[in-house]
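The values are calculated or read from the model by the stated rules, or taken from the named source; none is laboratory data. The model shown is predicted, which means the values in this text are computed figures rather than measured ones. Cβ placement follows ideal geometry from the backbone for every residue including glycine, while neighbour counts extend to all protein chains displayed. Areas reflect the complete protein model, heavy atoms only, side chains present, ligands, DNA and RNA absent. Shrake-Rupley method; radii C 1.70, N 1.55, O 1.52, S 1.80 Å.
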Amino acid sequence: MREIVTLTMNPALDITTATGRVIATDKVRCGTPRRDPGGGGINVARILHVLGASATAVFPSGGHSGRALEDLLATEGVRSRSITIRGSTRESFTINEEQTGLQYRFVLPGPSLTPREVESCLDALVQRAKDAAFVVASGSLPPGVPVTFYQILADALAESSARLVVDTSGPPLRALERGVYLLKPSIRELRDHVGRDLRTLDEQVSAARELITAGICAVVVLSLGPDGAVYVTAAEEEHCPSLAVPVVSAVGAGDSMVAGIIVGLERRWDLREAVRYGVAAGVAMLRTPGTAPCRRDDVDQCYAALVRRATVGQHSDTAY
């Protein structure tokens, strides 16, 4: 496979633990924490690595938490290119409540980046993308990064052969005007973007196609949570259903879907099969604790189950 480069402007050291019950004002004693490198593009790079793709994660890094994140990536064998910044990389916390099965996610703001630091991140990404097949820009933007950053990135890659995949929401999504190959919003993010409820699949497809008609992107893959995903192009659309599995943690499932789709496309599969493989990767991620990466065998087994169900026309929720 050719190189795939990911960009995470707001990375995080993800800390996951568990407790019996979360009670306001009480000391909530937790179990042994798990620490993982996190943030949209970093999560994508980790799953790409698991699936056998050649991936490099580009991200700003600062402070003790930044160094810990870099060490964790190195331990997993994920290639990275970090850009040193003065601020400290943020931390994010996930608490699993054992008595109820509920999950609480606390996401802290990122450090404020200077204009020079933002420019250094962009330059590093463009340099790494020269021979890349795909560039994945994913996640929120920290303070100091303009909301137009992803559009600036798309313009900087205009002369490159790399196809740009963007997974973002809110103002950065609204600022996009051109140059994206594939957008992957969630149904909530698309609702917020168009300002409509989008209750039916037809309405969702129509809203997704508005992005394509506007010239922003060529493909929209709309993640539907437990209902799978629907991909939309100018000429076609198709719903790829999911599988029902016990959910250990939903953290990183969308990023895992992006990684699976890119691996399928890089294998030169058609869009239907690539999105189906992405759904399988998202399902496999649901079975892992915190933001621990899913296993390749689980992804392949989920994909085989989805193919079998599509082939025989079943609608069973049995995974494998």
Margin query: Just the residues that are open to solvent by 10 Å² or more (accessible area, probe 1.4 Å) and touching a residue at least 40 places away in the same chain (Cβ under 8 Å), please, taken from the stretch 269-281.
Written below: Leu271, Arg272
Check: Among all residue pairs at least 6 apart or on different chains, which show Cβ distances below 8 Å where the first residue, located in the stretch 94-112, is farther than 30 Å from Met9 by Cβ and the second is basic (Lys, Arg)?
Finding: Glu97/Arg21; Glu98/Arg21; Gln99/Arg21; Thr100/Arg21
Notebook entry, point to check: What are the residues in the stretch 141-154 that are surrounded by fewer than 19 Cβ atoms within 10 Å (Cβ to Cβ) and either free of Cβ contacts under 8 Å to residues at least 24 places away in the same chain or not in a helix (DSSP H, G or I) (or both), if any?
Noted result: Pro143, Gly144, Pro146, Val147, Thr148
Margin query: Condition first: charged (D, E, K, R) and either open to solvent by less than 10 Å² (accessible area, probe 1.4 Å) or under 22 Å from Leu286 (Cα atoms) (or both). Now tell me which residues in the stretch 247-268 satisfy that.
Written below: Asp255
Check: Arg81 fails exactly one of the following numbered conditions: (1) out of contact with any Lys or Arg (no Cβ under 7 Å at 6 or more places or on another chain); (2) assigned to a strand (DSSP E or B); (3) within 30 Å of Arg267 (Cβ to Cβ); (4) open to solvent by 10 Å² or more (accessible area, probe 1.4 Å). What is the number of that condition?
Finding: (1)
Next item on the list: Considering each of Ala124, Ala133 in turn, give the residue that is open to solvent by less than 80 Å² (accessible area, probe 1.4 Å), in contact (Cβ under 8 Å) with a residue 24 or more places away in the chain, farther than 30 Å from Pro33 by Cα and not in a helix (DSSP H, G or I).
Entry: Ala133
Next item on the list: Take the residues in the stretch 158-175 that are in a loop (DSSP other than H, G, I, E, B) and surrounded by fewer than 20 Cβ atoms within 10 Å (Cβ to Cβ), then tell me which one is farthest from the chain's Cα centre (by Cα).
Entry: Glu159
Check: Only one of (1) more than 22 Å from Leu183 (Cα to Cα); (2) assigned to a helix (DSSP H, G or I); (3) touching a residue at least 24 places away in the same chain (Cβ under 8 Å) fails for Ala74. Which number is that?
Finding: (3)
